[in-house]
Each structure stands twice: as structure tokens, then as C-alpha cells.
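Novice: Below are the C-alpha cells for one structure; questions will follow.
The values are calculated or read from the model by the stated rules, or taken from the named source; none is laboratory data. Computed from a prediction, not measured in an experiment: that's the story for all the values here. In this analysis, Cβ positions are derived from the backbone assuming ideal geometry, glycine residues included, and neighbour counts consider all displayed protein chains. Side chains are part of the model used for accessible areas, which takes the heavy atoms of the whole protein and leaves out ligands, DNA and RNA. Shrake-Rupley method; radii C 1.70, N 1.55, O 1.52, S 1.80 Å.
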Amino acid sequence: MKRIETVNAVGHVLCHDLTRIVPGEWKGAQFRKGHVVTQEDIPMLLSMGKDHLFVWEMDEGHLHENDAAMRLGALCQNEFMQASDIREGKLELTATCDGLFTVDTERLMAINALEDIMIATRHSNTPVHAGDKLCGTRVIPLVVEISQIERAEAIGAGKPLLTLTPYKSIKAGIVTTGNE
């Protein structure tokens, strides 16, 4: 990422959302992260007080936060979870069915101990319903070293950190009471 003057930003990719505020009328992202600046954008950016912009400057050995969040989500997900769209470098996993949610806490803590990486989950061994959010993943900076994500993937060892086991419908059961 590098800082450049707005008037020289044509063709560059924005590193983060830029908010525009019109008091009493509107507040929101005028330009989204990833937007390629055009000549037509320059007057609006300047009117928003943006004399300088931070633009994306990709180099080898680093990964954008969105790509990193996607790879972290893949470490967590099993077949009964659905990934959200990535927004602002964050990916969330949601339950697709009712069931028991479990977390491999040992591996999760090892990954969260890595610098710049974060995976937040519900408590392990809890019931969940379809549509419940199970976890969120992100890296803290806008870019992270690929080696950090590779370390997390090595800890993941090809097995999901999170498991959602669907409830099974049973037709009969036995309840034993006393000392029979």
C-alpha cells in the first residue's frame, strides 16, 4: 500500500472504503475498497477532503486481507456451513442445518496465537440452528505475509477446525430408570 496525491490516483486501486457525508442527507461509502479510480472520480474525492489516497501496491510474499480471510475460512468450514461474501476483509460462516457445533480449540488457539490472524467462534459443544453465525475470520492489517497464512494452514492440517454435526431423527429410544 502506498500514499499518493489524489490528482495522480487515476488507474490505482483503493485500499479501503471512502465515506462521504452530506449532513442531514446521506452518509455512506462513496467508493468501495478495490475501486479503480477514474478521472471522473477526482472532483468527488477532492470535495470529500481526500487530498491523498492509500492505493494498493501488490508485491510478492504478501496477501490481501480478502484473500487471507477466504483461506482462513476454508480452514474452518465443513460441509454443513456456508461462507458469506467477504466484506472489509471479514468472512463469516453460517450453519446450514440444526446440529451440534464443536471447535478444535487446541488448533484454533494455535492459529490465533499467530501474529495478525484472528478467528472468532461460538463456544464449542453448543447446539445451533440453521442460519446461526458460527465464526468470523480476518487478518488484522490490510495485507499479511503469505507465510503467516501458510503457518495457519499447516496447523489446520487439512482437517476443519470447526464441525457442525446435524441432528439425526430417530424413531425409537430407550429410557432406563432405577437399577434395572
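Novice: List the residue pairs whose Cβ atoms are under 8 Å apart, where the first residue sits in the range 5-31 and is within 12 Å of H52 (Cβ to Cβ) and among the β-branched types (V, I, T), the second is open to solvent by less than 40 Å² (accessible area, probe 1.4 Å) and assigned to a strand (DSSP E or B), and the two are 6 or more positions apart or on different chains.
Specialist: Within 8 Å, the pairs are T6/L53.
Novice: Among the strands (runs of 3 or more DSSP E) confined wholly to the range 42-104, which include 2 or more residues that are open to solvent by less than 20 Å² (accessible area, probe 1.4 Å) and of a type outside the set (S, T, N, Q)?
Specialist: 52-55, 91-95, 99-103
Novice: Still on this structure: Kindly indicate the residue of the range 148-180 that is at pLDDT 95 or above and among the small types (G, A, S) and also least open to solvent (accessible area, probe 1.4 Å) among those meeting that condition.
Specialist: Only one residue tops the list, namely A152.
Novice: Of all residues in the range 3-20 being in contact with a Leu (Cβ under 8 Å, 6 or more places away or on another chain), part of a loop (DSSP other than H, G, I, E, B) and open to solvent by less than 70 Å² (accessible area, probe 1.4 Å), which is nearest to K33 (Cα to Cα)?
Specialist: C15
Novice: Another question, if that's okay. Looking at the range 21-41, which of the residues that are under 29 Å from I146 (Cα atoms) and in a loop (DSSP other than H, G, I, E, B) is farthest from the chain's Cα centre (by Cα)?
Specialist: V37
Novice: Provide a single number: the residues in the range 1-30 that are among the small types (G, A, S) and closer than 23 Å to P141 by Cβ.
Specialist: Here the count works out to 2.
Novice: As an exercise: evaluate A130 against (1) under 21 Å from M109 (Cβ atoms); (2) touching a strand residue (DSSP E or B) at 6+ places or on another chain (Cβ under 7 Å); (3) open to solvent by less than 70 Å² (accessible area, probe 1.4 Å) and give the number of the one condition it does not meet.
Specialist: (1)
Every residue, every condition in (1) touching a helix residue (DSSP H, G or I) at 6+ places or on another chain (Cβ under 8 Å); (2) farther than 17 Å from A83 by Cα; (3) without any contact (Cβ under 8 Å) to a residue 40 or more places away in the chain; (4) of a type in the set (A, V, I, L, M), yes or no:
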residue: T105; (1), (2), (3), (4): no, yes, yes, no
residue: A120; (1), (2), (3), (4): no, no, yes, yes
residue: T126; (1), (2), (3), (4): no, yes, yes, no
residue: E145; (1), (2), (3), (4): no, yes, no, no
residue: Y167; (1), (2), (3), (4): no, yes, no, no
residue: I170; (1), (2), (3), (4): no, yes, yes, yes
residue: G173; (1), (2), (3), (4): no, yes, yes, no
residue: T177; (1), (2), (3), (4): no, yes, yes, no
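Novice: Here are the criteria: (1) free of Cβ contacts under 8 Å to residues at least 12 places away in the same chain; (2) of a type in the set (A, V, I, L, M, F, W, C); (3) touching a Cys at 6+ places or on another chain (Cβ under 9 Å). Tell me which single one A74 does not satisfy.
Specialist: In the conditions (1) free of Cβ contacts under 8 Å to residues at least 12 places away in the same chain; (2) of a type in the set (A, V, I, L, M, F, W, C); (3) touching a Cys at 6+ places or on another chain (Cβ under 9 Å), A74 misses (3) alone.
Novice: Another one. When only residues in the range 21-41 that are farther than 24 Å from K90 by Cβ and among the polar types (S, T, N, Q) count, which is least open to solvent (accessible area, probe 1.4 Å)?
Specialist: T38
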